[in-house]
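The structure under discussion appears below in the form of structure tokens.
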Amino acid sequence: MTFGRVASLVGVALLVMVANIAASILYMVVYGHVIDPGHEPQYYNDHIQVAGPYCSIVAGIPFMLLAGWWVAGWSRGKAGVQAALVVWLAYAVIDLSVLVAAGMTMRVGILFAVSFATKLAAAWCGAWIRVCRQADG
């Protein structure tokens, strides 16, 4: 894998991260205006601290599945699956670095493990679907 390819895959991981953050923001907009309006800003700040990791898990699965499917199309066969795993690894390293710098708690650590297990499975499945379709076609 060339440096340019790895840089592209890290870029895809950052795209997934931005999409995941956007999903959390969208959730908070809907929560604050439709589900539970009328509270002070601190109420919503406290809520996103609890809900954010769950948003990452729920939204991260389809985002990482699509990313795995997308990058697997850049290569053929096993290299496509490896590309998807590089995207997942880059995402995991970046997010873990942020969490450690912010002071990860036991609860966040458990949610991190769940989040990255589901993202790994999603990236692999997306790549596997793409590689199988390439083999058929």
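The values are calculated or read from the model by the stated rules, or taken from the named source; none is laboratory data. Everything numeric in this text was worked out from a predicted model, so none of it was measured. When we count neighbours, we look across all protein chains shown, and the Cβ atoms used for this are built from the backbone with ideal geometry, even at glycine. With ligands, DNA and RNA removed, areas are computed over all heavy atoms of the protein, side chains included. Shrake-Rupley method; radii C 1.70, N 1.55, O 1.52, S 1.80 Å.
Key figures
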quantity: Karplus (6.51, -1.76, 1.60) ³J(HN,Hα), θ = phi - 60°, over region 83-100, in Hz, Gly and Pro reported as x; calculated: 4, 5, 5, 5, 4, 4, 4, 4, 4, 4, 5, 5, 5, 4, 4, 5, 5, 5
quantity: Calculated from backbone phi, Karplus (6.51, -1.76, 1.60) coupling profile of region 113-118 in Hz, x at Gly/Pro; calculated: 4, 5, 4, 7, 5, 5
quantity: Cα centroid of region 1-30 to Cα centroid of region 105-137, whole Å; calculated: 14 Å
quantity: For region 39-45, Karplus couplings with θ = phi - 60° (6.51, -1.76, 1.60), whole Hz, Gly/Pro x; calculated: 9, 5, x, 4, 4, 6, 4
quantity: Extension gain (nm, one decimal) between residue 96 and residue 121, 0.36 nm per residue minus Cα-Cα; calculated: 7.2 nm
quantity: For the chain, accessible area per residue (1.4 Å probe, heavy atoms of protein chains only), Å²; calculated: 58 Å²
quantity: Accessible surface of region 6-137 [probe 1.4 Å, protein heavy atoms]: carbon and sulfur percent; calculated: 74 percent
quantity: FRET efficiency, 1/(1 + (r/R0)^6) with R0 25 Å, evaluated for residue 129 and residue 45 via beta carbons; calculated: 0.05
quantity: Distance between modelled label sites at residue 22 and residue 3, nm, 7 Å Cα→Cβ extension; calculated: 3.0 nm
quantity: Dimensionless Rg/Rh of region 48-109 - Kirkwood Rh, Rg from C-alpha atoms; calculated: 1.08
quantity: Value of Rg to Rh for the chain (Rh from inverse mean 1/r over Cα pairs, i.e. Kirkwood); calculated: 1.06
